[in-house]
Each structure stands twice: as structure tokens, then as C-alpha cells.
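> One structure, pasted below without further comment.
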Amino acid sequence: MLQYITAGESHGKGIVVIIRGFPSNMEVDLDFINEELERRQKGFGSGPRMDIEKDRVEILSGVRFRKTIGSPIAILVKNKDYQNWIDLMSPEGTPPPGYSLVTVPRPGHADLAGLVKYRFEDIRNVIERASARETVGRVVAGAFAKIFLKYFGVLVGGFVESIGSVRAESSLTFQEKVMQASKSLLRTFDKDQEEKMISLIEKVRKEGDTLGGTFVVGAWGLVPGLGSYTEAELRLDSQIAGAL
């Protein structure tokens with residue numbers, strides 16, 4: 001079974017991914033993995049951090065001459081912004097003079113839970129890990145999973161179906177919707193509705209509010225029988241829900 005773990009802080013030296021259980025002798029397309037990282041950085045609403053980071057993978061182990069060798073695969077994605085945070089995020093030494101602890105938790109974030117659970121005085125220890133930057137590692141792991149699935153003719157894709165009250169509509173097939181969404185800033189397949197979605201997002205953002213939405217993820221080429229109803233933890237839907 002494929003398993004992965006990520007490590008690293010948002011403004012630390014980088015994000016590390018370790019993948020275990022990956023078969024040997026499978027060709028690794030580094031260009032594809034970097035393209036997946038580039039996709040992560042694009043889209044409507046991307047933050048200023050995306051202008052700083054130009055993510056590229058560095059394979060540390062588990063791959064030789066572009067092929068996997070059966071051992072755990074370790075990957076590093078460096079944080080360029082670390083250079084601006086060395087004094088605050090160094091693994092050695094002490095906090096710089098005049099450093100102010102972060103003591104006020106943000107609503108809706110992991111700040112308070114992390115503060116209580118790990119008995120921190122400084123919420124930055126929580127902020128740095130409970131960050132969207134960590135998804136870099138998940139994208140890398142997902143890219144390796146796509147490489148593995150492609151070997152068996154399995155493709156995975158998704159798209160945004162609705163934002164707030166605006167819903168995308170089309171008679172396209174699922175695969176066609178995925179292809180169309182890949183060209184969209186909002187990852188949706190309905191160009192006309194996309195403009196309405198963006199307008200609604202901008203309106204609500206100015207009001208200081210948020211919107212809900214729905215997205216669809218699917219796979220084609222899969223054989224039936226994945227997962228099992230016999231035990232709760234083996235059910236495919238519960239495993240997918242757990243990954244969210």
C-alpha cells in the first residue's frame with residue numbers, strides 16, 4: 001500500500017515528503033511533478049506567496065536514473081521565502097532580540113487547538129505547520145500516485161461545480177469537463193458561470209464574508225471492487241473522507 005508523510009514549516013527550509021510502498025522500476029517524470037506544483041500555484045485568489053516561490057522538486061532518495069528502486073522515496077521542495085525568515089525559523093539558537101510571541105489565535109484556524117494540545121507559548125509553532133504551504137507535499141505525493149495509476153490506465157481529475165448560489169452547467173462528459181476546467185482560473189468548466197462566480201467572490205470578500213461551494217473529483221479506468229463493505233475502515237468512501 002502506498003503511504004506518505006510530510007514534514008516542514010511554511011517559512012522553514014522546505015517541505016519534505018516521504019513515500020513508502022512505491023513499486024520499483026517505475027519511471028519518474030520530474031517534469032510532470034513540477035507541472036503539478038505549478039498548477040497548484042495558479043488560479044483565482046492566489047496569495048502573494050505564489051509570487052515568491054517557484055516550486056521544484058529535489059529527489060533525495062528512492063530514485064536512480066529516473067526509475068524508482070523500491071526503497072522509500074524522499075523529496076524536498078525548498079522554501080525560497082526562508083531567507084526572509086532565518087532569524088525567526090532557525091532550528092538552532094534562540095529567538096532574536098525584540099521578538100514578540102504570537103499569542104492571539106485566529107478564528108477558524110488550528111491556532112487555539114494547537115496552543116492547548118502542545119502547550120505552546122508561541123502560536124507561530126502552530127501557524128507554521130497548519131498552513132496551506134503544507135499542501136506542496138500533498139501535491140508531490142499525489143503526482144507520484146498519478147504516475148502509479150497511469151501505469152494501470154487510471155486517470156484522476158476534478159472540477160469546481162458551484163460557488164455560492166452560482167452553479168456550472170454543461171452537457172459535457174466528465175472527462176471533457178475535467179479538460180475544460182484545466183484551462184479555468186477557478187477550475188470550472190462553464191466559462192459564462194465562471195465570470196459570475198468571480199464577481200460573487202469579489203463582492204463577498206469586500207463584505208468580509210465567505211462562500212461555500214461544491215467540487216467533483218472522479219477517476220476513470222478503475223476496476224470494480226476497491227474497498228470493502230465488510231469493515232468500516234475498509235470502505236472506500238470512508239477512506240476518501242478521511243483524506244479530506
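> How high is the relative contact order of the chain, in percent, with contacts defined as C-alpha pairs under 8 Å that are six or more residues apart?
18
> What would the Debye equation give as log₁₀ I(q)/I(0) for the stretch 14-100 at q = 0.12, 0.25 Å⁻¹, counting only Cα atoms as equal point scatterers?
Scattering profile of the stretch 14-100, log10 relative to I(0): -0.52, -1.19.
> Once you treat every alpha carbon in the stretch 92-172 as an equal point and sum by Debye, what is log10 I(q)/I(0) at q = 0.19, 0.24, 0.26 Å⁻¹?
-0.95, -1.10, -1.16
> List the lysines whose alpha-carbon lies under 24 Å from that of residue 177, not counting same-chain residues fewer than 8 positions away?
Filter leaves 42, 146, 150, 191, 196.
> Would you mind calculating the gained length between residue 222 and residue 85 on full extension (0.36 nm times residue separation, minus the Cα-Cα distance), in nm to one decimal?
Extra length from residue 222 to residue 85 when fully extended: 44.8 nm.
> Something else: Using alpha carbons only, how many angstrom separate the centre of the stretch 1-68 from the centre of the stretch 188-235?
Spelled out, the Cα-based centre of one part sits 23 Å from the other.
> Further question: Using a cut-off of 12 Å between alpha-carbon atoms, which aspartates and glutamates can reach residue 183, once sequence neighbours fewer than 8 places away in the same chain are excluded?
194
> Oh, and also: Longest segment of the chain with no trypsin sites (Lys or Arg not before Pro) in a DSSP loop having at most 12 other Cβ atoms within 10 Å?
It works out to 120-182.
> Is the stretch 153-244 rounded, prolate or oblate when judged by the Cα gyration tensor, a ≥ b ≥ c being the square roots of its eigenvalues, rounded requiring a/c under 1.5 and prolate requiring a/b larger than b/c?
Oblate.
> Using 1/(1 + (r/R0)^6) with R0 = 22 angstrom and r between the beta carbons of residue 203 and residue 42, what's the FRET efficiency to the nearest 0.05?
0.45
> Right, something else. Over the alpha-carbon set of the chain, work out the extent along each principal axis and list the three values in angstrom, largest first.
Largest to smallest, the principal-axis extents are 60, 52, 39 Å.
> Please list, by residue number, every one of the GluC sites (Glu not before Pro) in the stretch 52-117 that is coil in DSSP and has at most 14 other beta-carbon atoms within 10 Å.
92
> Report the GluC sites (Glu not before Pro) located in the stretch 180-240 that are in a DSSP loop and have at most 13 other Cβ atoms inside 10 Å of their Cβ, or state none.
Answer by residue number: 207, 231.
Bear in mind these aren't lab numbers, they're just calculated from the coordinates by the rules spelled out. Note that this is a predicted model, so its numbers are computed, not measured. Cβ sites come from the backbone with ideal geometry, for glycine too, and all protein chains shown count toward neighbours.
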